[in-house]
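Chemist: Here it is: the structure, laid out below.
Rule-based calculations on the coordinates, nothing more; no lab input. Source: prediction; values computed, not measured. When we count neighbours, we look across all protein chains shown, and the Cβ atoms used for this are built from the backbone with ideal geometry, even at glycine.
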C-alpha cells in the first residue's frame, strides 16, 4: 500500500495531517493505527506544553495547578490506552525513556585484524 505524503512541521507530523488521513490502514503489526498515531501526537503536544511552560523554582507557573494535574491525568490515560492497544495487538511495551548519560545495556567493540591491510597492499 502506498501511504500518502503527510505534511510535516519541523520533525513532527502535523495534527491536521493525522486526523485528515482517512486512507491509512494497518499493513502489519508494526504500522501504527490512526488511534495510535493520534495518541502519540497528543502525548507529544502535552509534553511540549509542559516543556514550553517550565518555570524556574520560586517563579509563578503560567498554568494553574488544576491544569497541570489535568495534563498529568491526560498523559496517564494516553499511557493506559496505548497499553491496552499493545496488549490487544500482542505487542510488548518495551520502549523506555533513557537519560543521555545512562549507560547502555550493550557495548559495541570494533574488532580489527592486525596486519590485514598490509597483506592487501602487497
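Chemist: Peptides 55-64, 82-91: what's the order by average Cβ count within 10 Å, highest mean first? Provide the component values of the computation, followed by the final result.
Modeler: Numbers: 55-64: 8.3, 82-91: 11.8.
Ranked from most to least packed, the peptides come out as 82-91, 55-64.
Chemist: Say R0 is 30 Å: what FRET efficiency, to the nearest 0.05, do residue 45 and residue 107 get from their beta-carbon distance? Show your work: numbers first, answer last.
Modeler: Working: r = 36 Å, r/R0 = 1.20.
That gives a FRET efficiency of 0.25.
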